[in-house]
Amino acid sequence: MIYLHKILPLIVSPLGVLFAGLIIVCVYKSRIVAAATLVFLALFSTPYFGNLGWLYLEKSSSPVVLNDVPEMGTVVVLSGMLSSVLADDGTVLYQFNDSVNRFDLALHLLDAGKAQQVVFTRGQMPWSTGRPEGDVLRDVAMQRGIDGSRIFLTGIASNTEGEAVEVLQLLGEEASIGLITSAFHMPRAQMLFEGVGLNVVPLPSGFRGSKLDPTVWDFVPSAAGLDLFSDFVRELLGRAYYGIRYG
């Protein structure tokens with residue numbers, strides 16, 4: 001099922017639309033479709049439209065102010081901040097990506113006494129190399145001075161819905177948690193965790209959208225712009241799918 005969840009959205013993603021347009025142009029030699037495909041690529045590979053999308057995804061979230069966070073027992077940190085690299089000698093190395101804010105926020109909350117314990121989800125895809133993410137994060141947290149008795153791990157999970165189920169099994173129904181994930185992902189994650197019966201205090205991190213004060217470079221097509229808009233569409237599809245299931 002996880003393969004379908006990853007592959008099907010590609011069909012209606014910007015890249016999928018572009019491939020479909022190119023195939024139609026090659027088969028039917030349609031100038032209209034060729035022009036429409038070029039316009040689509042030119043528009044939605046600009047950072048401007050991607051940034052508009054991310055501002056929309058993050059509009060319901062606000063940056064966490066440590067002093068304003070209520071004291072809570074448990075914070076749950078969702079996976080998605082590590083990449084694995086295979087060294088020449090076969091050793092698997094791990095490095096943080098731009099979602100490292102999730103991990104940093106959790107440690108700040110523990111250090112400030114705002115949370116008593118942390119749960120790292122053991123995110124791992126069937127095709128992943130190396131250890132589950134939560135296992136690595138636990139080791140890093142302990143290296144940074146967090147007592148191991150305050151760190152808990154879930155079972156293996158391959159997506160956000162699986163993480164919610166695993167946290168439910170670990171903590172029990174009606175448990176109250178502070179949920180840490182990226183700001184764009186928070187509405188969907190909160191819906192899924194509350195959908196399985198958990199009480200959630202959202203703690204968003206890692207805001208990616210920027211306030212609109214565009215320059216000329218925001219209207220220049222780029223691979224980064226297309227990637228930004230593609231991620232926006234993918235998150236919208238995820239919200240729509242789970243909104244139907246849990247709505």
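Determine if the stretch 220-237 includes at least one residue that is of a type outside the set (A, V, I, L, M, F, W, C) and farther than 26 Å from V100 by Cβ.
The answer is yes, given that some residue of the stretch 220-237 is of a type outside the set (A, V, I, L, M, F, W, C) and farther than 26 Å from V100 by Cβ.
Is it true that some residue in the stretch 123-142 is assigned to a strand (DSSP E or B), polar (S, T, N, Q) and at negative phi?
Within the stretch 123-142, none of the residues are assigned to a strand (DSSP E or B), polar (S, T, N, Q) and at negative phi.
Among residues belonging to the stretch 137-151 that are over 17 Å from the mean Cα position of the chain (by Cα) and crowded, with 18+ Cβ neighbours inside 10 Å, point out the one that is farthest from T181 (Cα to Cα).
Per the stated criteria, the residue is I146.
Say whether the condition of being touching a helix residue (DSSP H, G or I) at 6+ places or on another chain (Cβ under 9 Å), at pLDDT below 90, assigned to a helix (DSSP H, G or I) and open to solvent by 30 Å² or more (accessible area, probe 1.4 Å) is met by at least one residue in the stretch 226-241.
Yes.
Return the pair list, or none, for Cβ contacts closer than 9 Å from residues in the stretch 76-103 that are buried (at least 21 other Cβ atoms within 10 Å of the Cβ) to residues that are basic (K, R), at least 6 apart or on different chains.
Close Cβ pairs satisfying both conditions: V77/R102; L78/R102; S79/R102; S79/R122; M81/R102.
Can you tell me how many residues within the stretch 206-225 are touching a residue at least 24 places away in the same chain (Cβ under 8 Å) and either assigned to a loop (DSSP other than H, G, I, E, B) or within 15 Å of T160 (Cβ to Cβ) (or both)?
11
Here is a yes/no grid of residues against (1) at pLDDT below 95; (2) touching a strand residue (DSSP E or B) at 6+ places or on another chain (Cβ under 9 Å):
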| site | (1), (2) |
| --- | --- |
| Y94 | yes, yes |
| P126 | yes, no |
| R138 | no, yes |
| G148 | no, no |
| S158 | yes, yes |
| V167 | no, yes |
| G178 | no, yes |
| A189 | no, yes |
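Out of the stretch 156-181, which residues are farther than 22 Å from K114 by Cα, assigned to a strand (DSSP E or B) and open to solvent by 40 Å² or more (accessible area, probe 1.4 Å)?
I156
Mind checking which residues of the stretch 1-39 are farther than 20 Å from F229 by Cβ, open to solvent by less than 60 Å² (accessible area, probe 1.4 Å) and at pLDDT below 90?
Hits for the stretch 1-39 are I2, H5.
R245 - would you say it is closer than 22 Å to F44 by Cβ and modelled with pLDDT under 95?
no
The values are calculated or read from the model by the stated rules, or taken from the named source; none is laboratory data. Since the model is a prediction, treat every value here as computed from it, not as a measurement. Note that each Cβ is placed from the backbone with ideal geometry, even for glycine, and that neighbours are counted across all protein chains shown. Surface accessibility is based on the protein's heavy atoms, side chains included, excluding ligands, DNA and RNA. Shrake-Rupley method; radii C 1.70, N 1.55, O 1.52, S 1.80 Å.
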